[in-house]
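Participant: Can you keep this structure in mind? I'll have questions shortly.
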Amino acid sequence: MTQPGLQVRRADYSAAADRAALIGLLDAYAQDRMGGGEALPADVRARLCDDLARHPLAVSFIAWLGDQPVGLANCFEGYSTFKARPLLNVHDMVVHPAHRARGIGQALLAACEAHARERGCCKLTLGCSPATSAPCAATRISASRLRARPARRPGLADAEVAVTLVRGSGHNARSESHATNHCP
């Protein structure tokens, strides 16, 4: 169930409040065990929003409770060569530790899905590491609920929602995909 008063909005990389929220949430995630346990380097914090603003296929969504940022999804549009259509990859999914297990990740995923539908994407993907496997399991459940909603337009309703679990690191990494539905 989603928290009352929760709003998810597309981030404006030039707005001071959105910049601070994006950097703060991403840094909190980086410092969490799921994000590697280390703060973002100062140079990354300084240039990230400007770099994202220059990246034409980047989109971010911030979840707000009042004026407090509580969640973030950073996404990048890619392309499915097998379907000859765009896809949307959720690169970062962050929920502030004090607000986890309250439906915020599901609300962020719903915003990602709505954006993917608008863009005509055939697939919505989310990569997971072993440290994030529990949140990814919740995301798979959420994705199956999203998929069950009727489509307003052709596209994502018939699409694959893929969650990829990455085991190991670097060149020793193995991936295991969990597709919950497939493009026709």
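The values are calculated or read from the model by the stated rules, or taken from the named source; none is laboratory data. This one's a predicted model, so the numbers in the text were calculated from it and none came from an experiment. In this analysis, Cβ positions are derived from the backbone assuming ideal geometry, glycine residues included, and neighbour counts consider all displayed protein chains. Accessible surface is based on the protein model in full, side chains and every heavy atom, while ligands, DNA and RNA are left aside. Shrake-Rupley method; radii C 1.70, N 1.55, O 1.52, S 1.80 Å.
Participant: Please specify each residue of region 45-60 satisfying the condition of being open to solvent by 40 Å² or more (accessible area, probe 1.4 Å) and either part of a helix (DSSP H, G or I) or in contact with a Phe, Trp or Tyr (Cβ under 7 Å, 6 or more places away or on another chain) (or both).
Facilitator: Result: R45, A46, R47, D50, D51, A53, R54, L57.
Participant: Six or more apart or on different chains, Cβ under 7 Å: which pairs go from a residue in region 104-120 that's outside any helix (DSSP H, G or I) to one that's not hydrophobic (A, V, I, L, M, F, W, C)? Could you list them?
Facilitator: So the pair list comes out as R119/E77; R119/P86; G120/R85; G120/P86; G120/G155.
Participant: Cβ-Cβ below 6 Å, separation at least six or inter-chain, first residue in region 23-38 and in contact (Cβ under 8 Å) with a residue 24 or more places away in the chain and buried (at least 17 other Cβ atoms within 10 Å of the Cβ), second part of a helix (DSSP H, G or I) and β-branched (V, I, T): which pairs?
Facilitator: M34/T132
Participant: Pull out all pairs, ordered by first then second residue, where Cβ-Cβ is under 9 Å, the residues are six or more apart or on different chains, the first lies in region 9-21 and is free of Cβ contacts under 8 Å to residues at least 24 places away in the same chain and farther than 19 Å from L109 by Cα, and the second is in a loop (DSSP other than H, G, I, E, B) and of a type in the set (V, I, T).
Facilitator: If the second residue must be in a loop (DSSP other than H, G, I, E, B) and of a type in the set (V, I, T), no pairs are left.
Participant: In the set F76, F61, which member is under 15 Å from the mean Cα position of the chain (by Cα) and closer than 23 Å to A98 by Cβ?
Facilitator: Answer to the check: F61.
Participant: Could you tell me which residue of region 79-91 is least open to solvent (accessible area, probe 1.4 Å), considering only residues that are of a type outside the set (A, V, I, L, M, F, W, C) and under 18 Å from A114 (Cβ atoms)?
Facilitator: P86
Participant: Another question, then. Is there any pair linking a residue in region 63-80 that is touching a residue at least 40 places away in the same chain (Cβ under 8 Å) to one that is surrounded by fewer than 16 Cβ atoms within 10 Å (Cβ to Cβ), with Cβ under 6 Å and at least six apart or on different chains, and which?
Facilitator: W64/Q7; L65/G5; N74/H91; E77/L57
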